[in-house]
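Readers should treat all values here as calculations from the given coordinates under stated rules, not as data from a laboratory. These numbers were taken from a predicted model, which means no experiment stands behind them. With ideal geometry, Cβ positions are generated from the backbone for all residues, glycine too; neighbour counts draw on all protein chains shown.
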2 protein chains.
Amino acid sequence: MASRRFDPDRRDRIIDAALDVIAVQGVAGASHRKIAEYAGVPLGSMTYHFASMDELLTEAFRRFGNSIADRFDQQLEQAIDVDGARLAVVDLIHLDLLDSQRDLVLTHELYTLAARKPVFRQITRDWMARSRRALGLHFDPDTCRMLDALIEGLFIHAALDTEPHDRATTVEAVARITTPHHHPARTAQ
Amino acid sequence: MASRRFDPDRRDRIIDAALDVIAVQGVAGASHRKIAEYAGVPLGSMTYHFASMDELLTEAFRRFGNSIADRFDQQLEQAIDVDGARLAVVDLIHLDLLDSQRDLVLTHELYTLAARKPVFRQITRDWMARSRRALGLHFDPDTCRMLDALIEGLFIHAALDTEPHDRATTVEAVARITTPHHHPARTAQ
DNA sequence: CCACGATGTGTACGATCGTACGCATGGCCG
DNA sequence: CGGCCATGCGTACGATCGTACACATCGTGG
């Protein structure tokens, strides 16, 4: 029998606030104090709900990764053939990328953490595994890896390129990467 | 007539030290004090040679970007035909990626900064422009964009994937992305 | 040879950080 | 209805940070 004062939402609110603060200020600029203020909870609440900053970041980025992977699943599950899957991927890129600078920033922040700390690398790998599994519904494993890499690259460049990405180019790129290369007759030797 | 005590190398040494410290500790963990200690210069030297931390980071990442782009140029300049260029790209990926965790970490750090601060976004764009220009020696502009994105994605995934990347897959991916998609006879409607 | 100015450094200040810890609060059992 | 204990919070501590600025050092012009 927990006390009635216990607020299960508070923990969630802190996690969401953490993601919001990180999206704007970066992991480097996200302190207990700023997150607490943004979430509207006292500073002491931070260490009460989360043993350390890393624990909070861990949970936050796990939530973030899952939310992105959910969209992957949704888009790809309803595709009925390969062409549908290709279209789904293009939509994924052009919907997720263009509308949300926030997701891009958070992705970069996560990758930066992942490059250095094993905990976050695992989170990233789990996320990538989910994405690849979704792609695996329609493409062979090797193609999944290539396509996944392409999506990643397009995603990242979208954040940095000054001009908006051209949808037709994305369509062509996805078509190419999902089409096995026809090796011409072997040349000399 | 500058004083003979002036040491032009010192500034360079600080910049290199900054990159080394960032590679290990991240931008977040790279303080004036740590960089100074690593470079073997007094703390006061930091603010003497660089007006602010941002100025130091700016110069450091500009140097980093140029060093990578130089390798791009070297590899691609000596390719004599498209197949040679494809091979050069594969080598680029598998040499730069696999040998150097350092470059990967620094790239992520730069991108994270670029996602938030315009100064670093410009540095990243300059770097990307140089890379794309190198690719442009052998491929058409659209292909350059796609190939560039693919390289980026492979690069990034290499840092996070647990198992080493398969060269054959990279060869296939590069072949696919550089081969225009043959559109089959249009279907219904 | 001396004093001056350019070049470089040691130190100290105010801000901010993560975290620990003692205390307030208010449901619940006897 | 009164005391107890789980729940949650305010505050303070030690560490670290970027930066400013007074001062040391030494080549050099007069």
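Within region B:58-177, the percentage of alpha carbon pairs spaced more than 26 angstrom apart rounds to 17%. Here the sum of -39500 (n - 2.57) over DSSP H runs of 4 or more residues, divided by the residues of chain B, equals -23500 deg cm²/dmol at 222 nm, to the nearest 500.
Once C-alpha pairs closer than 8 Å and six or more residues apart are averaged by separation and normalised to the residue number of chain A, the relative contact order reads 21 percent.
Expressed in nm², what is the orientationally averaged projection area of the convex hull enclosing the Cα positions of the protein assembly as shown?
On the way: hull surface 102.4 nm².
Over all viewing directions, the protein assembly as shown projects a mean Cα-hull area of 25.6 nm².
Helix A:82-99 and the longest principal axis of the C-alpha atoms of chain A enclose an angle of approximately 40°. Against chain A, whose longest principal axis comes from its Cα atoms, helix A:141-160 is set at around 60 degrees. Extension gain, A:Gln74 to A:Ser31, is 12.1 nm, computed as 0.36 nm per intervening residue step minus the present C-alpha separation. The long axis of helix B:101-114 is offset from the longest Cα principal axis of chain B by roughly 80 degrees.
With a cut-off of 13 Å between beta carbons, the residues surrounding A:Glu109 carry a summed charge of +1, where Lys and Arg count +1 and Asp and Glu -1.
Label points for B:Ala28 are taken 7 Å from Cα along Cα→Cβ. From this copy to the others they lie 1.1 nm apart, shortest first. Counted over region A:9-50 with a bin width of 5 Å, the fraction of Cα pairs per bin, in whole percents, is 5, 29, 38, 20, 7, 0.
Annotation for A:Asp99, label-to-label distances across the other copies: 4.5 nm (shortest first, one decimal, point 7 Å from Cα along Cα→Cβ).
Taking R0 as 25 Å, what FRET efficiency do you get between A:Arg167 and A:Gln101 from their Cβ-Cβ distance, rounded to the nearest 0.05? Kindly include the intermediate steps, with their values, before the conclusion.
Numbers: r = 18 Å, r/R0 = 0.73.
Step by step, r from the Cβ atoms, then E = 0.85.
Take A:His182, push a point 7 Å out from Cα through the beta-carbon direction, and compare it with the same point in every other copy: 0.1 nm, smallest first.
Could you work out the relative contact order of region B:8-50? I mean the mean sequence separation of Cα pairs under 8 Å and 6+ apart, divided by the number of residues, in percent. Intermediate results must be reported in sequence, preceding the final value.
Details: 26 pairs, mean separation 15.9, N = 43.
Averaging sequence separation for qualifying contacts and normalising by length gives 37 percent for region B:8-50.
The two copies B and A are related by a rotation, and the chain B beta carbon nearest its axis, with distance in whole angstrom, is B:Gly153, 2. For the segment A:155-166, counting C-beta atoms of other chains within 10 Å of every residue's C-beta and taking the mean gives 4.
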